[in-house]
Amino acid sequence: VTCNNLEIVSGEVCGNLLEMTILNQMKWDMNSIDITVPNSNEEISTFEIYPKNYYKISEKRNFREDIHSINFLKLRILKRFFHDSSMNVSALVYNTFNNTIRFNIKGPPEVVLPICNPSAFPSNIKQFLAGHRIEGYRVIACATKIIPIHSFSYEKDEDYYKNNLTFVGFISFVN
């Protein structure tokens, strides 16, 4: 849900049809917000991504419960690394309301899996990929890692974060 190149234009989510489909199928939404950059006083315009039923859920809970159980679902994009057509990947850095900063990446398994820690791979990963490709599915690999808050910087490029990632899973589509 987080790795996308979607934009908000006149209050509407716009962009790549596949990424819009993922956002909708996962029942998430996004809106534009202004935030203060961690470790600085700089204000930036960015996006917040959250479950579509977020506001319905939060109306039913009191404020104390919201802080501990609902707000962690809202994700604020800190830096986007726009789609790299040579590698066919999208990546970004985001934080949650509990101030965890994460790097997420999605792309072809042959690009994403080599930058992951193999200990997180399921035992049947090769069979899964082979079976889905034979059946004609397009397969996208997803990976993540936690970034210590003191080491995040807008000056760091995508390559700084692309190592020792934790494999999260695959998204499969019929082509």
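Summary table below
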item: 12 Å beta-carbon shell around ARG102, net charge (K/R +1, D/E -1); result: +3
item: Length-normalised contact order of the range 75-164 in % [C-alpha pairs under 8 Å, at least 6 apart]; result: 29 percent
item: Neighbour net charge for GLY15 - beta-carbon separation under 14 angstrom, K R +1, D E -1; result: -3
item: Accessible surface of LEU73 - all protein chains present, 1.4 Å probe, nearest 10 Å²; result: 50 Å²
item: MET87-VAL168 pseudo-label distance in nm [points 7 Å out on the Cα-to-Cβ vector]; result: 1.6 nm
item: Label-point gap, in nm, between MET26 and GLU48 - each point 7 angstrom along Cα→Cβ; result: 1.8 nm
item: Label-point separation, TYR154 to SER123 (7 Å along Cα→Cβ), nm; result: 4.8 nm
item: Accessible area, probe 1.4 Å, largest first, for residues VAL93, VAL174; result: VAL174, VAL93
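The values are calculated or read from the model by the stated rules, or taken from the named source; none is laboratory data. Since the model is a prediction, treat every value here as computed from it, not as a measurement. Using ideal geometry, Cβ is built from the backbone for each residue, glycine included, and neighbour counts are taken over all protein chains shown. With ligands, DNA and RNA removed, areas are computed over all heavy atoms of the protein, side chains included. Shrake-Rupley method; radii C 1.70, N 1.55, O 1.52, S 1.80 Å.
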